[in-house]
Each structure stands twice: as structure tokens, then as C-alpha cells.
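Some notes on the structure that comes next.
The values are calculated or read from the model by the stated rules, or taken from the named source; none is laboratory data. As the structure is a computational prediction, the values presented were derived from the model and not from experiment. Note that we place each Cβ from the backbone using ideal geometry, even for glycine, and neighbour counts take in every protein chain shown.
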Amino acid sequence: MNLAGLDFDNIPAFSVPMRFFLAAPVFAFISALIIAFAGESLWLTRWHPATLALTHAMVLGIISMIMCGAILQLLPVLAGKSLPHVKLISTLTLVTMSLGTLSLTTAFLASMFGLSQVLFFAVSGVSFTLGLGGFIGAILWLIRQRSRASVSINTMRLGFVAMLVVGIIASLLLADYLFASQFNITKKLTDNHASWGLIGWISLVIMGVSFQVLPMFHVAPAFPLWCSRFLPGFLFIILLAHTLVTLGMTQLALINIPAWQMIQSICTALLKLGLMVYAITAIHCLNRRKRKINDVSVTCWFIALCCLFLCCAISLVMNVMMNTMTGAGSLLLSLGWSPLTLASVFIYGWIISVIMAMIIKIIPFLAYLHLQRQCGFHMQAFSLLPNMHELLSKSRMQYLLYSHVFSLFALILTLYNPANYWLLSLAIMGQFGYLLFLMVSVSGRYRDRAKAIDEALLLP
């Protein structure tokens with residue numbers, strides 16, 4: 001394990017990230033229930049209320065929740081600084097994010113029962129502004145003075161700014177809904193909302209973390225400088241250009257002008273090519289790692305990067321076919337290729353796979369690190385220190401990998417035959433139920449060893 005250049009003096013308590021990690025499976029269960037409740041209709045269109053509810057429950061309740069916990073732990077290590085009153089900030093962020101996600105999910109589902117959505121949308125808007133917006137603002141303030149920040153910090157900073165853009169676009173869409181489209185914001189802008197969320201916020205932060213974590217945990221070579229220093233900024237600039245073009249087209253009635261459509265298509269293609277370049281580079285770095293052993297985390301990374309590459313490549317092929325072939329839309333749908341299909345695989349195959357790869361490494365490492373710091377220089381206490389595989393065994397990691405692969409397989413089956421929705425619902429419950437069991441087990445072992453170490457420290 002390569003720990004050079006890292007600062008472990010300011011890490012928060014073990015409970016700070018764990019409260020976010022433990023909340024994520026709850027929203028996974030909610031997501032599974034939405035799939036079971038909506039049934040086959042969920043997969044007909046991305047505009048279905050249940051589809052929107054499911055997407056936001058997964059992206060905000062599972063993915064962003066785990067990311068916030070990881071960020072609270074990683075930033076002090078990478079930047080050498082910790083948020084003041086981190087326990088209070090983390091608790092407020094967790095509560096407001098949970099309330100906001102539940103309210104937003106309920107708002108989308110309310111329309112299916114003819115109920116008013118206004119109150120739920122308002123509560124979610126306020127909750128995310130205070131919670132996630134305040135959290136991102138605090139993180140940006142924390143790293144504002146890092147003039148010689150690492151490539152990881154710089155990339156993550158772009159991801160944090162992207163999350164603020166996600167919130168701004170969400171506010172515009174919400175205002176458009178509440179004030180009966182007086183702002184002339186069409187559904188075109190929702191594509192930018194999704195792009196800033198999935199590519200800007202989540203993917204850029206994952207990229208920034210990977211620049212540090214892959215060499216650290218897997219003894220892989222550092223990413224090439226052109227990739228780690230310039231590719232994230234390139235993706236951010238293209239995202240910004242795409243959004244400005246879309247705003248110009250919607251506000252100035254330029255949607256049907258071919259030149260503007262071409263510019264928009266070029267921006268979209270460049271985003272996909274940039275992500276494909278990152279995927280290939282990351283796979284190359286992992287293949288050159290020094291520790292060529294079977295590792296569940298590495299397998300999850302390979303699954304994630306392959307899904308990222310395939311989603312972007314297939315999407316590029318789809319765009320070319322749609323622009324050059326008549327009747328291409330019907331052909332693509334008959335093959336099962338649709339934006340909903342690719343978005344589903346992007347979220348579960350790319351992002352959730354990375355989440356699995358990260359969490360099985362981070363949780364035992366954090367538990368071990370805190371126990372090690374607790375021992376100090378007391379030799380008798382050090383004899384009680386477990387190794388990381390005692391905290392989370394390889395066999396249990398392997399079972400989690402199997403459950404994730406099965407969930408991904410169930411997703412693909414459901415995308416091609418929506419009648420299999422029940423299998424996907426059960427698979428997600430099984431995967432995240434087992435993940436919850438593993439996290440509770442590690443937390444229990446951590447508490448037991450921490451208590452034993454405290455008792456050893458009291459001995460003369």
C-alpha cells in the first residue's frame with residue numbers, strides 16, 4: 001500500500017463517514033420497492049414518475065450519500081485539512097440529504113396518485129440547498145487556499161462546482177414547474193441536469209479519487225500527467241459549453257437550426273470520447289499494477305471501467321446511426337439500445353461498481369487506521385490490533401462481488417424484458433442487504449477491538 005504524501009493527522013472519527021455509508025442501503029431498499037411497485041411500466045420511458053423517483057433515490061440516496069461520507073474522510077488525508085465541527089456538519093448534512101431525497105422521491109410518486117407535488121418539491125429544494133449545497137460550499141471553502149493542490153484535489157474541486165451547477169439547473173426546472181413554464185425552460189435542459197450530475201459531479205469526483213486511490217490501494221502506476229491534469233478540465237469545459245449552447249437554443253428559439261444542433265452534437269461526442277479515454281487509461285494503469293493478485297476491488301474497477309467505455313461507445317454509435325440512417329430509431333429500439341438502457345447501465349455498471357470497489361477497501365482501512373492511532377506507542381495494545389482481513393474477510397468481499405454481478409445481470413435482463421423487474425428488485429435488496437450486514441459487522445468488530453485497546457492502555 002502506497003501512503004506517500006498523505007496526511008492522516010486530521011481524519012475525523014470513524015463514525016463520521018460510517019453514518020453516510022449505513023444510510024445508503026436504506027435508500028437502496030426504497031429503490032427496490034419502487035421497482036417492485038411500478039413494475040413493467042417503469043421501463044417504458046425515462047419520464048415516468050416512478051423512473052424519475054428511482055433515479056433520484058439511487059443517485060442522491062445511495063451514490064451521493066456514500067460519496068459525501070468518503071469525501072469527509074478523504075479530503076483531510078489529501079488536503080491536510082478537516083472541516084471544523086465535522087460531527088455537527090456531517091449530522092446536519094445526513095439529515096437534510098435524507099429528508100430531501102425522501103421528499104423528492106415522494107414528489108415524483110405523488111403524481112401517480114393525483115396528489116399535489118408542490119409541498120414535497122418545496123421541502124426537497126430547501127433541504128438540498130441547506131444540506132448538500134451547504135456541504136459542498138463548506139468543502140470548497142476548506143480547499144480554497146490550496147494553491148499547490150494535488151491533481152486529485154483539483155479534479156474533485158471541479159466535481160464540487162459541478163454539483164452546484166446541478167442544483168442551479170434543478171432550481172430552474174423546479175421554478176419552471178411551479179410557475180407554469182414562465183421561464184421557457186424546456187425538457188432539453190434536463191439532459192444537462194443529468195449530464196452535470198452523472199458526469200460533472202459523480203464521474204469527476206470518482207476520477208479525482210481514482211488518481212490517488214488506485215496507486216494507493218493497488219500499487220498501480222500514477223496516471224499520465226495529461227490525463228490527471230488536463231482531462232478533467234477538458235470535460236468540465238465541454239459540459240459548460242454544452243449547457244450554454246442548450247440555454248441559447250431554448251431561450252433564443254434556435255432549437256431547429258442545424259448549425260446549433262451540430263455544435264451540441266459535437267459537445268456530446270467530445271464528452272463521451274473523453275470518458276472513453278479515461279476508461280482506457282485507468283484500465284491500462286490497473287493492468288500495470290505491481291500486486292497482480294486476485295482482488296475483489298480490482299475486479300469491480302474493471303467491471304466499472306468496461307461499462308463506462310461500452311456505454312459511451314454504444315451511445316456514439318447510436319448518435320451516428322440516428323443522424324445518418326433513416327429508420328435508425330426503430331432499429332435501435334429493436335436491439336434494446338435506448339437512452340434509458342444506457343443510462344441504467346451507466347449508473348449501475350459504472351458508478352455503483354466503483355462504489356462497491358471503494359467501500360470494501362475504505363471501511364476496513366479506516367477501522368484499522370483508527371485502531372492503530374488509538375494504540376499509540378503501547379506495545380500491549382498493538383498486540384490487539386487486527387489486520388484488515390480480520391475486519392472484512394476476502395470471502396465476504398467475494399460474496400459481495402457475486403451479488404453485485406447478479407444485480408447487474410438482473411438489470412440487463414429487465415432492460416430487455418421488463419417482466420423480470422421482480423428479479424432486479426430482489427437482487428438489489430440482496431446486494432445492499434448484504435453490504436449493510438458487512439458494514440455493521442466491521443463496525444461491531446471495530447467497537448470490540450477499540451474497547452479492548454482502551455482497557456490495555458489503562459494497564460501499567
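Summary of computed values
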{"read-out": "Test set (1) under 26 Å from Y416 (Cα atoms); (2) surrounded by fewer than 22 Cβ atoms within 10 Å (Cβ to Cβ) - A79 fails condition number", "value": "(1)"}
{"read-out": "Helices (runs of 4 or more DSSP H) enclosed by the range 54-154 - at least 1 residues per element that are farther than 20 Å from M358 by Cβ, touching a helix residue (DSSP H, G or I) at 6+ places or on another chain (Cβ under 9 Å) and not aliphatic (A, V, I, L, M)", "value": "86-110, 118-128, 134-142"}
{"read-out": "Members of the range 1-38 that are modelled with pLDDT of 80 or more, of a type in the set (G, A, S) and surrounded by fewer than 17 Cβ atoms within 10 Å (Cβ to Cβ)", "value": "A13, S15, A36"}
{"read-out": "H378 more than 23 Å from W301 (Cβ to Cβ), at pLDDT below 95 and either touching a strand residue (DSSP E or B) at 6+ places or on another chain (Cβ under 7 Å) or not hydrophobic (A, V, I, L, M, F, W, C) (or both)", "value": "yes"}
{"read-out": "Condition met for Y416 (over 20 Å from the mean Cα position of the chain (by Cα), exposed (fewer than 15 other Cβ atoms within 10 Å of the Cβ) and touching a residue at least 40 places away in the same chain (Cβ under 8 Å))", "value": "yes"}
{"read-out": "Residue that is modelled with the lowest pLDDT [pool: residues in the range 83-105 that are surrounded by 18 or more Cβ atoms within 10 Å (Cβ to Cβ) and either touching a strand residue (DSSP E or B) at 6+ places or on another chain (Cβ under 7 Å) or among the polar types (S, T, N, Q) (or both)]", "value": "S90"}
{"read-out": "Residue match in the range 307-315 (condition: small (G, A, S), under 30 Å from R229 (Cβ atoms) and either touching a helix residue (DSSP H, G or I) at 6+ places or on another chain (Cβ under 9 Å) or without any contact (Cβ under 8 Å) to a residue 60 or more places away in the chain (or both))", "value": "yes"}
{"read-out": "Residue tally, condition touching a residue at least 24 places away in the same chain (Cβ under 8 Å) and either in contact with a His (Cβ under 7 Å, 6 or more places away or on another chain) or hydrophobic (A, V, I, L, M, F, W, C) (or both), over the range 242-282", "value": "15"}
{"read-out": "Which listed residue is within 30 Å of L286 (Cα to Cα), of a type in the set (F, W, Y), touching a Lys or Arg at 6+ places or on another chain (Cβ under 6 Å) and surrounded by 16 or more Cβ atoms within 10 Å (Cβ to Cβ), from F223, F217, F160", "value": "F217"}
{"read-out": "Where M276 falls short, out of the listed (1) surrounded by fewer than 21 Cβ atoms within 10 Å (Cβ to Cβ); (2) more than 21 Å from the chain's Cα centre (by Cα)", "value": "(2)"}
{"read-out": "Near pairs, Cβ below 6 angstrom, 6+ apart or cross-chain, from the range 357-376 (charged (D, E, K, R)) to any residue that is part of a helix (DSSP H, G or I)", "value": "K361/F217; K361/S297"}
{"read-out": "Residues being out of contact with any Pro (no Cβ under 9 Å at 6 or more places or on another chain) and either touching a residue at least 24 places away in the same chain (Cβ under 8 Å) or aromatic (F, W, Y) (or both) - total across the range 447-460", "value": "7"}
{"read-out": "Test: L411 is under 17 Å from A28 (Cα atoms), crowded, with 19+ Cβ neighbours inside 10 Å and either among the hydrophobic types (A, V, I, L, M, F, W, C) or touching a Ser or Thr at 6+ places or on another chain (Cβ under 7 Å) (or both)", "value": "yes"}
{"read-out": "Neighbours by Cβ (under 9 Å, 6+ apart or cross-chain): first from the range 206-233, on the phi > 0 side of the Ramachandran plot; second part of a loop (DSSP other than H, G, I, E, B)", "value": "V219/M1; V219/N2; V219/R289; V219/K290; V219/R291"}
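Residue by residue, here is whether (1) on the phi < 0 side of the Ramachandran plot; (2) at pLDDT 95 or above; (3) in a loop (DSSP other than H, G, I, E, B) holds:
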| site | (1), (2), (3) |
| --- | --- |
| I363 | yes, no, no |
| Y368 | yes, no, no |
| L384 | yes, no, yes |
| L400 | yes, yes, no |
| V405 | yes, yes, no |
| L408 | yes, yes, no |
| A419 | yes, no, no |
